[in-house]
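Here's the structure we're looking at; comments come further down.
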Amino acid sequence: MKKRDDMTFPFEEYERRLSELRLRIAQRHLDAVVITDPENIMYLTDYQTTGYSFFQALVVPLEDEPFMITRAMEESNVFARTWIERTRPYPDTGDAIQMLVDALREFGLSRKRIGYERNSYFFPAYHQDTIHTTLTEAKLLDCFGIVEQGRICKSPVEIELMRKAAVATQAGMKAGIEACRSGVTENEIGAAISAAMFKAGGEAPAVMPYVTSGPRTMIGHATWEGRVVKPGEHVFLEVAGCYRRYHTAMMRTVVLGELTDSMFKAQELMKQALHSLNDYIQPGMTVSDADNLIRNIISQNDVGARLITRSGYSIGIAFPPSWDEGYIVSLKQGVSTVLEEGMTFHIIPWMWGVDGDKTCGISDSIYITADGCESFFSLPKDFTVRPDQGKASELEGPSATVSAEKATSIDKARKGKHQQANG
């Protein structure tokens, strides 16, 4: 390993990660592992590139020095970013898998027990078939998840980095909320979010923000497509800020005009779910228990909505096509994974189909502490409710935004009317 002091984390952090990985390699009676997921390679080495669609691999022997297989153009990222000293690049006219096989032979691993990430997006079946038919003297075994065992709990330095991502998330969300007016396009709202995230120090996220309005909020994973926001509609926003590939995410909702009884109930239920989770969640609790807590609250509604998805997922390092680590652990029914200090989650008690045609959301990104959890954010959770005066009025600043909390203080009768929504 080449010791250096210009990586994302202190050099000792990478030494710890590599040492812990080797303990797991030994526990599985392997001689080496071939790591191909870009998130896992970055976690271990600080290597990143947008060119990960070309085959790349980090080979970690149990005892010998690790080495990387990369496209020749991407080798510069190894030298510029990582502690890796041995590389075997392949040209665009070359065969990436043959280069991997040749390197395994060169470093004495061709007859060893080698683990590989069988379920990796970036090690497709064609490549796996090739290595099986080429490296016939080795014993090839699935080791998918061996790196994720280390990633699932974030270290203190990772939590601090995610706080920087949260700064970008909040900046983007605030800008998006302020940009919501009837007469503007969803594209304009998306542009405001993106500009604010990047100005706040954020980097290119794994997924650009989700911005939908009115009936388009009922389309899963849709985002801006030029639609003009109409008077009286609501806007659904989901934003994930990114810093050094670490993400935090949040959902918020903007109502242009009157906050209807149904939308008020939805808001209060989502807030109740988040508050209840914050009160009860702690190490030792299963993710299934956490999911049930949220799901039971959201399901007890009389506005026609449902929680259509899992209620949360692990979040941290991500490359496109997704910002979540849900394949490592998600909050859903029947999962017995036990919560541990350092785990980080995007909690999403959103409500799909309020009155049959509206989706709205309030969410939070949290990290598990020794005795509970803490949020990465300080942004208010209430829906932003503003008079529907449209784009031409050019309302400015926070004074143009009327929170649901303030609206309900004016109309106390409504709050009393909906005590059931508050549990």
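The values are calculated or read from the model by the stated rules, or taken from the named source; none is laboratory data. Here the structure is a predicted model, which is why all the values come from computation and not from measurement. Every residue, glycine among them, receives a Cβ derived from its backbone with ideal geometry; neighbour counts consider all protein chains shown. When the accessible area is computed, the model is the full protein with side chains, heavy atoms only, and any ligands, DNA or RNA have been set aside. Shrake-Rupley method; radii C 1.70, N 1.55, O 1.52, S 1.80 Å.
A few notes on this one:
- Flag for residue 208 being under 18 Å from residue 376 (Cα atoms) and under 19 Å from the mean Cα position of the chain (by Cα): no
- Criterion: open to solvent by 30 Å² or more (accessible area, probe 1.4 Å) and over 30 Å from residue 144 (Cβ atoms) - qualifying residue of 322, 375: 375
- All positions within the range 329-343 that are in contact with a Lys or Arg (Cβ under 6 Å, 6 or more places away or on another chain) and part of a loop (DSSP other than H, G, I, E, B): 332, 342
- Sole residue being farther than 18 Å from residue 161 by Cβ, in contact with a His (Cβ under 7 Å, 6 or more places away or on another chain), modelled with pLDDT of 95 or more and not charged (D, E, K, R), chosen from 312, 353: 312
- Check on residue 88, part of a helix (DSSP H, G or I), modelled with pLDDT of 95 or more and over 28 Å from the mean Cα position of the chain (by Cα): no
- Complete set of residues in the range 243-299 that are of a type in the set (Ser, Thr, Tyr), open to solvent by 10 Å² or more (accessible area, probe 1.4 Å) and under 30 Å from residue 44 (Cα atoms): 243, 286, 288
- Qualifying residue in the range 67-89 (condition: surrounded by fewer than 20 Cβ atoms within 10 Å (Cβ to Cβ), out of contact with any His (no Cβ under 9 Å at 6 or more places or on another chain) and within 19 Å of residue 142 (Cβ to Cβ)): no
- Those residues of the range 191-213 which are crowded, with 22+ Cβ neighbours inside 10 Å and part of a helix (DSSP H, G or I), in sequence order: 193, 196, 197
- The residue that is nearest to residue 328 (Cα to Cα), among those in the range 263-306 that are of a type in the set (A, V, I, L, M) and not in a helix (DSSP H, G or I), is 285.
- Any hit, the range 20-35, residues being over 20 Å from residue 150 (Cα atoms) and at pLDDT 95 or above: no
- The range 43-62, subset open to solvent by 50 Å² or more (accessible area, probe 1.4 Å) and touching a helix residue (DSSP H, G or I) at 6+ places or on another chain (Cβ under 8 Å), residue farthest from residue 130 (Cα to Cα): 62
- Breaking point among (1) open to solvent by 60 Å² or more (accessible area, probe 1.4 Å); (2) outside any helix (DSSP H, G or I); (3) not small (Gly, Ala, Ser), for residue 12: (2)
Here is a yes/no grid of residues against (1) in a helix (DSSP H, G or I); (2) within 21 Å of residue 245 (Cβ to Cβ):
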site	(1), (2)
23	yes, no
29	no, no
78	yes, yes
94	no, no
108	no, no
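- Within the range 349-371, the residues that satisfy the criterion of being open to solvent by 10 Å² or more (accessible area, probe 1.4 Å), farther than 18 Å from residue 152 by Cβ and not in a strand (DSSP E or B) are 350, 355, 356, 357, 371.
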